[in-house]
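The values are calculated or read from the model by the stated rules, or taken from the named source; none is laboratory data. Fair warning: this is a prediction, and the values are worked out from it, not measured in the lab. Counting neighbours? That spans all protein chains shown, and the Cβs are built from the backbone with ideal geometry, glycine included. Accessible surface areas use protein heavy atoms only, side chains included; no ligands, DNA or RNA. Shrake-Rupley method; radii C 1.70, N 1.55, O 1.52, S 1.80 Å.
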Amino acid sequence: MQIITYILPEIFLAISSMFLLILGVFLKRGIKVVNILTIITIVLTMALIITQSNETIKVLNESYIIDELSKFMKVLTLLFTIFVLLSSKEYLKINNIDKIEYQVIILAALLGMLIMISSYDLIVFYLGLELQSLCLYILASFKKNEEKSTEAGLKYFVLSSLATGLLLYGFSLIYGFTGSTNFTIISSNLNTNNMSAVFAIVFVIVGLAFKVSLAPFHMWTPDVYEGSPTSVTSFFTLIPKIAALTVFIRFMYVPFQNVINEWQSIVVFLAIASMILGSIAAIGQTNIKRLMAYSSIGHMGYAFAGIATGTNSGIQSSIIYLVIYLVMNLGAFACIFMMKRKNEFYENINDLSGLSKTNPILAFNFLIILFSLAGIPPLAGFFAKFYIFMAVIESNMYPLAIIGLLTTVVSAFYYIRIIKVIYFDKPRKSFDSTYDWGLKTILYGSCLLILIYFIYPSMLIDVVSSIKIY
Amino acid sequence: MNFPILSAIIFIPMFGAFFILITQGNEKNVEKNSRYVAIFSSSVNFFLSLFLWFNFDTQTSEFQFVENKKWIDGFINFQLGIDGISMLFILLTTFITPICIFSGINSIKFKIKEFLIAILVMETLILGVFCSLDLIVFYLFFEGCLIPMFLIIGIWGGERKVYSAFKFFLYTLLGSVLMLIAIISIYWISGTTDVIKLLEINIPTEYQFVLWLAFFSSFAVKMPMWPLHTWLPDAHVEAPTAGSVILAAILLKMAGYGFLRFSIGLFPIASNYFTPLIFSLSIIAIIYTSLIALMQNDMKKLIAYSSVAHMGFVTIGIFSLTKQAVEGSIFQMISHGLISAALFLCVGVLYDRYHSREISSYGGLVSVMPKYAVLFMIFTLGALGLPGTSGFVGEFLVLIGAFQKNILVAVLASIGIILAASYMLWLYKRIIFGKLPNVDLKEMKDLNNTELLILFSLAFLILFFGFYPEPLLNTVDITVSNLIDNYQLNLNSYMQEIKN
C-alpha cells in the first residue's frame, strides 16, 4: 500500500478529471462548477505533491521516480496551469469555447505531463507523452468552427505523430541494444563501447527536440501557435515546455550519461540553431502570436544551452531560465489577452500602435515584459540569461556563449520593435479595459516579479540549488 | 560612518520616480506635482553628493564609504564604494541631472510625467555605474541605462527618432554583451567579481588580452571611438535637448570611467600592449571628426562630432598613463560634461524658439539676443580650449602627458585644437554675427529666467575651474598616482618575467 501514497497525486488527478466530466454532463449550467472544481483539483494535486517526502524514491518496479526534480517540475506545471486558466477565462467566455471538455482535457493533459516528468522507464514515458499529446491536438483545434484552428490541430497531429514515430524507433533500438527499458539498466549498458546504441540516441533526441520545438524541428510551432485559440497558445508556450525540459534533462543525464560526448554536440547544435532561428525569423513577423512562437523557440535554445553543459549547475541554470521564462511569457500573454475591443480580440502588432497614450498602464507593463524578454538588466530576463552563460562559460563553451549573446542583440531588435509600436507610433482606438480581476492580477503580479527580481535573486537559486541529478 | 550614503544617493532618484509614477489625479496637478518631486529629489541628491565631497578624504587611495551586502548567495555581493575618480563623476551627474530636469520642464510639451520618470531612473542607473565595486553590479547599471535612454530618444525625439533610437540601442547592446562574457570569464578565472579584490590579484597575462578587447568593445562604442562613433551624431540630433545633455555630459563619461577603472586597473599589461591602437584610433578621431564637424549644417551634429573629437583627447590622456595625462583626461571629461551640456542647451534654446537646427537659418542673433550671445561665447571658447576656461586645463594636461610618452601623438593631437577653434568660431560667427537672414528672427526672445539661471551656473563653473582647477585635481590626485604606481608595478614585474 506504500506505493499508493507515492502515486496518489496522479491517481487523484485521473479520478477527479473523470468525475468532472460526468458532473459537467449531468449538471445544468455545469460549466461554472467545473471551472471552480478544476482549479480546486489542481490545487489539491499540488498539495498532495508538496506533502510527499523529500527523498528520492523509485516505485513500480523502478519505472517511476519521485525526486526533487520531479516534484519541483510538477508543482511548476500545476501552478502555471492555474495561472493560465485564470488569465484566459475572459477569452474563453467571449469566444464561446468555455466548455466542460476544455477543462477536462487540460486536466488529462496535466496527468500525462505528470507521468512524463516522473517516468523512469521508456514505456511509462511513452504513455505519458501520448496522453499529453493527444490532449494537446484536441486543444489546438478547439475553436472547431474556425478554419485556422482546425488546421493547427491537424498540422500538429500529423507532424507530432511523425516525431513520435522517430522517438519510438529510437526506443526500440535502445531496447534492442541494451536489453531493457529501464533507465538505470540502459545507463549501465549504454556506453561508448556500444556505439550502435549511440545511433539510437539521435532518434530520441530528434523526437524530443520536436516536442520542445527546437530548431530545426520547429516547423509546426508558428502555425500551430498562430492558429490555436490564444488561451491554448498561452498554454502551449508554457506548460508542455516544463514537462519536455524535465524529460530532456532526465534522458540526457540518466540513461545517456555515459555517452555525454556524443549527445553534447547534438544538443549544442540544437541550442545554437534555435537561438539563431528564434532571433532572426521573428524579425519579419506581424502577428504577435507568431512572434511569440519564434521567441519561445529562441528562449528554449537558451534553456538548452544550459543542459548542453552536462553539469549540475547547467541544469540548475536552465531550470531557473525556465521559471523566469514562464513568468515573462505568462505576463506577455496576459497583455495579449487584453488586446480586445468590443468582444473582438486583436493579434496584429500594429494594433498595439500608440498604446502608451490610450492604455498607459498596460503599455508600461508590456514595456517591462518586453525588455525583460530581450534580456536587458536589471530585469529578471537578464538574470535568466546570466545564469545560463555562467554555466556555459564555466564549462569553457565559449562559441556557444558568444553566439548566444550575439543572438540576444538580434532578438532585442524585434522586442524593441514592439516597444516602438507601443510608445513611438500614433495612437489608434483604445482597447477596452478588462474587469477580470484574475487577468489583471496575473499581469501586474508577473510584471512586479520581473521588476523586483533583482532585489533578492537568491530566493529562486536557493530553491533550485537543491535539485541535483548526479 | 554607518549611514549608507552611497545607496541613498543612488536610490533617491528612483524613489522620486516611483512617487511620480503613483501620483494620480487630474493632469495639471499631476504634472505640477511631478515637477516638484523631480526637482526636489534631484536637488536633494546634488546636495547629498556635495556633502559626500566634503566628507571625502583626499589623502587616501582606498575606496571610501564602502557598502557591502549579500546579494546573490555565495558569489556576488552588492558592493559600493568610491575613490577620487568616481567622486568627480558623481558630482557631475548629480549636477547635470537637475539641469536636464529644468530644461525638460521648459521645453518638453507632452508626457512630462513620463519624461521626468525616465530622467530620474537614468540618474539612478548612472550613479550606480560610478559607485559599484562589483563587475556584475556595474554591468547591471551600465546596461540598464539603455532602457530610459532608448525611450527618451524614441518618445521625445525629432523626425528620425525611431531610426536613431534603434541604432543607439543595438550598437551599445552589441558592444556590451561581449563585456558580459568577459566578466563571467573573470569570475571563473579568479573566483570573484569583487573589484577591490580583483585590483589586488593579477589576472593571468594570457587571458588579459582577450578580456581587454572584450571590455574595449563595450567602452569604445560608448565612448565613442572612431570608427564606432556613428551612432552618436544620430542619437544626439534626434534626442530632445535634455536627452542630448545627458548623453554627452554623463553617458559618454561612463566609458572613460570604465577604461580607467577596469581596462587599466585590471589588465595593465594588455593596456600597455594596446596603447598604440588606442593612440591611433584617437588621433584619427580627433582629426577626422573635427574635419567632419567643420562641414556640418546642423548645429547639434556639429557639437556631436566635436564631442567625439574631445573624447579622443580623453582616451589619449588615459592611455598615456602619466600622472598629468590621466588627471588631465579626467578633468577634460568633467569639463566636457559641463561645456557640451551648455552647448546643447544653447542649441535647445534656439530650437525651442525657431524649430530649426540648421545653422543657415540663423544669423545676427547678437542684436536680438544679447545675453544669449555672451553666454554662448563663453561656451564656444570653452569648447575650443581657450586659457581661462576649463576646456584649456584638460587639454593642456593631456598634451603635456602625451608629450612625455610620444611626441608625434602630442603634435597630431594639437592639430585637433586648431580645428576645434575653427569649427567652433565659425559656428559662432554664422549664428551670432552677420545679418538677420529672416524677418521672423526679430521676434526671437532673449533667455528667460530659467534658461539664464541654468546657463549662467554652467558658465560660472566653466570659468571657475578654468582659473582654479585645484578642487577637482586635488580630489583625484592620490587616486591617480596610486593607479599609475600599480600599473607601473605590474608592468615592471611582467618585464622582469619576460627577461627571465
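Just one residue in the set B:L375, B:L302, B:L381 is open to solvent by less than 10 Å² (accessible area, probe 1.4 Å) and outside any loop (DSSP other than H, G, I, E, B); that residue is B:L302. Quick check on B:F392: is it closer than 27 Å to B:V347 by Cα and loosely packed, with under 15 Cβ neighbours inside 10 Å? The answer is no for B:F392. Within the stretch A:344-369, the set of residues being under 10 Å from A:R428 (Cβ atoms) and touching a Leu at 6+ places or on another chain (Cβ under 7 Å) comprises just one member, A:L355.
Against the list (1) open to solvent by less than 30 Å² (accessible area, probe 1.4 Å); (2) in contact with a strand residue (DSSP E or B) (Cβ under 8 Å, 6 or more places away or on another chain), the condition A:I442 fails is (2). Of all the residues in the stretch B:150-164, those that are under 17 Å from A:I376 (Cα atoms) and aliphatic (A, V, I, L, M) number 2. Across the stretch B:66-75, the qualifying residues are those that are of a type in the set (A, V, I, L, M, F, W, C) and open to solvent by 40 Å² or more (accessible area, probe 1.4 Å), and the one among them that is nearest to the other protein chains (Cβ to nearest Cβ) is B:F75. Out of A:G306, A:G314, A:G278, which single residue is within 24 Å of A:S87 (Cβ to Cβ), assigned to a helix (DSSP H, G or I), at pLDDT below 95 and in contact with a helix residue (DSSP H, G or I) (Cβ under 9 Å, 6 or more places away or on another chain)? Criteria check complete, one pass: A:G278. The condition of being buried (at least 17 other Cβ atoms within 10 Å of the Cβ) and assigned to a helix (DSSP H, G or I) holds for only one of B:L472, B:L491, that being B:L472. Regarding the stretch B:98-115, can at least one residue be identified that is surrounded by fewer than 24 Cβ atoms within 10 Å (Cβ to Cβ), within 11 Å of chain A (Cβ to nearest Cβ), touching a Leu at 6+ places or on another chain (Cβ under 9 Å) and assigned to a helix (DSSP H, G or I)? Scanning the stretch B:98-115, I find at least one residue that is surrounded by fewer than 24 Cβ atoms within 10 Å (Cβ to Cβ), within 11 Å of chain A (Cβ to nearest Cβ), touching a Leu at 6+ places or on another chain (Cβ under 9 Å) and assigned to a helix (DSSP H, G or I), so the answer is yes. Restricting attention to the stretch B:393-435, the residues being without any contact (Cβ under 8 Å) to a residue 40 or more places away in the chain and among the basic types (K, R) number 1. Within the stretch B:161-213, if we keep just the residues that are open to solvent by 50 Å² or more (accessible area, probe 1.4 Å) and under 17 Å from A:I416 (Cα atoms), the residue that is nearest to the other protein chains (Cβ to nearest Cβ) turns out to be B:L174.
B:F78 passes every criterion in (1) touching a strand residue (DSSP E or B) at 6+ places or on another chain (Cβ under 9 Å); (2) within 14 Å of chain A (Cβ to nearest Cβ); (3) farther than 24 Å from B:G256 by Cα apart from (3). Restricting the stretch A:136-151 to residues that are charged (D, E, K, R) and in a loop (DSSP other than H, G, I, E, B), the residue that is surrounded by the most Cβ atoms within 10 Å (Cβ to Cβ) is A:K143. Within the stretch A:392-409, being among the β-branched types (V, I, T) and over 23 Å from the mean Cα position of the chain (by Cα) holds for A:I393, A:I402, A:I403, A:V409.
Just one of the listed residues (A:F424, A:F386, A:F431) is among the aromatic types (F, W, Y), within 10 Å of chain B (Cβ to nearest Cβ) and either touching a residue at least 40 places away in the same chain (Cβ under 8 Å) or in contact with a helix residue (DSSP H, G or I) (Cβ under 7 Å, 6 or more places away or on another chain) (or both), and it is A:F424. Each residue in the stretch A:346-367 was checked for being within 12 Å of another protein chain (Cβ to nearest Cβ) and either under 21 Å from B:T23 (Cβ atoms) or at pLDDT 90 or above (or both), and 7 pass. Taken together, A:L162, A:L154, A:L173 contain a single residue that is more than 25 Å from A:F235 (Cα to Cα), in a helix (DSSP H, G or I) and over 20 Å from the mean Cα position of the chain (by Cα), which is A:L173. Among the residues that make up the stretch A:402-419, is at least one of them within 13 Å of chain B (Cβ to nearest Cβ), open to solvent by 50 Å² or more (accessible area, probe 1.4 Å) and charged (D, E, K, R)? There is at least one residue in the stretch A:402-419 that is within 13 Å of chain B (Cβ to nearest Cβ), open to solvent by 50 Å² or more (accessible area, probe 1.4 Å) and charged (D, E, K, R). Counting only residues that are among the hydrophobic types (A, V, I, L, M, F, W, C) and either outside any helix (DSSP H, G or I) or more than 22 Å from the chain's Cα centre (by Cα) (or both), which one in the stretch A:452-470 is nearest to the other protein chains (Cβ to nearest Cβ)? Here the answer is A:F454. Name the pairs: first residue in the stretch A:22-49 and closer than 19 Å to A:L78 by Cα, second residue modelled with pLDDT under 90 and open to solvent by 30 Å² or more (accessible area, probe 1.4 Å), Cβ to Cβ under 6 Å, at least 6 apart or on different chains? Listed by first residue and then by second, the contacts come to A:V34/A:I100. For the structure I just gave you, tell me whether B:G434 is modelled with pLDDT under 85 and either part of a helix (DSSP H, G or I) or open to solvent by 60 Å² or more (accessible area, probe 1.4 Å) (or both). Answer is yes for this residue. Six or more apart or on different chains, Cβ atoms under 8 Å: show the pairs whose first residue is in the stretch A:368-379 and without any contact (Cβ under 8 Å) to a residue 60 or more places away in the chain and within 9 Å of chain B (Cβ to nearest Cβ) and whose second is among the hydrophobic types (A, V, I, L, M, F, W, C) and not in a helix (DSSP H, G or I). That search, which allows pairs on different chains as well, returns A:F371/A:L379. Does B:M225 meet the test of being away from chain A (no Cβ under 13 Å), out of contact with any Gly (no Cβ under 7 Å at 6 or more places or on another chain) and either open to solvent by less than 20 Å² (accessible area, probe 1.4 Å) or under 18 Å from A:V392 (Cβ atoms) (or both)? Yes: the conditions hold for B:M225.
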